[in-house]
Amino acid sequence: MSRIVVLISGGGSNLQSLLDQCQSGTLNAEIVAVISNRPDAFGLSRARQAGVKALTLDHKGFANRADFDRSLADLIDDQRPDLVVLAGFMRILTDDFVNRFLGRMINIHPSLLPRYPGLNTHQRALDAGDPAGGATVHFVTTQLDGGPAIAQVEVPIDAADDAVSLAKKVLTQEHKLYPVVVDWFVSGRLQLDRNQAVFDGTPLPKSGRLLDTATL
C-alpha cells in the first residue's frame, strides 16, 4: 500500500477528503503523516481524529527558508512516503526541496492554470469576466504553480457570484478531484516524465485532463 505524507497550513478540508477515501478503502493508500508549518492548523486535529500522525514544524523557528526546507525534507523522508501531497500548504518551496521530491509531489491550485497562479485566484477570474473558474492538480516543480498539469475541473461563474461564493463552489469540486488524481498516482497510472504528466502511458496536454464534474 502506498504511503502518503500531506502538508498543510490551515483547515485541511482537502486533507479530510483524502482521509475519508483512505478510511473507506476507496483509495488504496495510507496517509502516514500530516505535517503543518503552523501549530494551530485545524488540519492537525483532523489527522489526530483519524488516528494519523500529526507533526508540526514551525517555520518561524528557522532563520531562513532554506534551513526550514531542509528540516522539512528530512522530516518527510523519515516517513518514507511514496507521494507528498500539498493541501493548502502556504509556503514557497526552495528549488532544492522541490528537486528532492520531484515526480512524487503534487499540489492543487484553485484556478484553471496557467491562468492565475499565486493568490486571489477567484477575484482575478471575476475581474477578468471569465465564464468559469476551477481547480488544477499539477506536479510540483521549481516554477511556482507552473508544474505540468494533471487534471482540471471547471466551475461555471454565475452573475451573482463573488469571490467567496466562487471559492466555496470550487472547493467542493477540489474535494472530489484531488482523491481521483491521488488514486491515479498510487495505482501506477500517473508519472512525471521529462517535465510532462503521463497518464496510462500517454502524455497529457498542457492543461491536463479536463474532468466532468458529473463524473467526479
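The values are calculated or read from the model by the stated rules, or taken from the named source; none is laboratory data. Bear in mind the structure is a predicted one, so any value in this text is a computation, not a measurement. Note: ideal-geometry Cβ built from the backbone for every residue, glycine included; neighbour counts use all protein chains shown.
Worth pointing out:
- Of the residues A151, A197, A160, A132, the single one that is among the small types (G, A, S), modelled with pLDDT of 95 or more and in contact with a Lys or Arg (Cβ under 7 Å, 6 or more places away or on another chain) is A151.
- Consider the stretch 106-141 and keep the residues that are among the small types (G, A, S) and in a loop (DSSP other than H, G, I, E, B). The one that is nearest to V186 (Cα to Cα) is S111.
- Identity of the residue in the stretch 127-147, of a type outside the set (G, A, S) and out of contact with any Gly (no Cβ under 8 Å at 6 or more places or on another chain), that ends up surrounded by the fewest Cβ atoms within 10 Å (Cβ to Cβ): P131
- Test result for D67, among the acidic types (D, E), modelled with pLDDT of 95 or more and not in a helix (DSSP H, G or I): no
- Verdict on D20 being among the acidic types (D, E), farther than 26 Å from D96 by Cα and surrounded by fewer than 19 Cβ atoms within 10 Å (Cβ to Cβ): yes
- Flag if A151 is surrounded by fewer than 21 Cβ atoms within 10 Å (Cβ to Cβ) and either in contact with a Leu (Cβ under 9 Å, 6 or more places away or on another chain) or not polar (S, T, N, Q) (or both): no
- Filtering the stretch 20-60 to residues that are among the small types (G, A, S) and in a strand (DSSP E or B) leaves A29, A33, S36, A54.
- Flag for L166 being more than 17 Å from the chain's Cα centre (by Cα), crowded, with 23+ Cβ neighbours inside 10 Å and at pLDDT 95 or above: yes
- Among the residues here, E154 qualifies as over 23 Å from V6 (Cα atoms) and under 17 Å from the mean Cα position of the chain (by Cα).
- A single entry from L57, L75 fulfils the requirement of being out of contact with any Ser or Thr (no Cβ under 8 Å at 6 or more places or on another chain), surrounded by fewer than 21 Cβ atoms within 10 Å (Cβ to Cβ), of a type in the set (A, V, I, L, M) and in contact (Cβ under 8 Å) with a residue 12 or more places away in the chain: L75.
- Count of the stretch 144-175 residues which are within 16 Å of A132 (Cβ to Cβ) and part of a helix (DSSP H, G or I): 11
- Exactly one residue among G43, G103 is touching a Leu at 6+ places or on another chain (Cβ under 7 Å) and under 22 Å from F199 (Cβ atoms), and that residue is G103.
- The listed residues are R104, R80, R124, R115, and the only one of them that is closer than 17 Å to V34 by Cα, in contact (Cβ under 8 Å) with a residue 12 or more places away in the chain and out of contact with any Pro (no Cβ under 8 Å at 6 or more places or on another chain) turns out to be R80.
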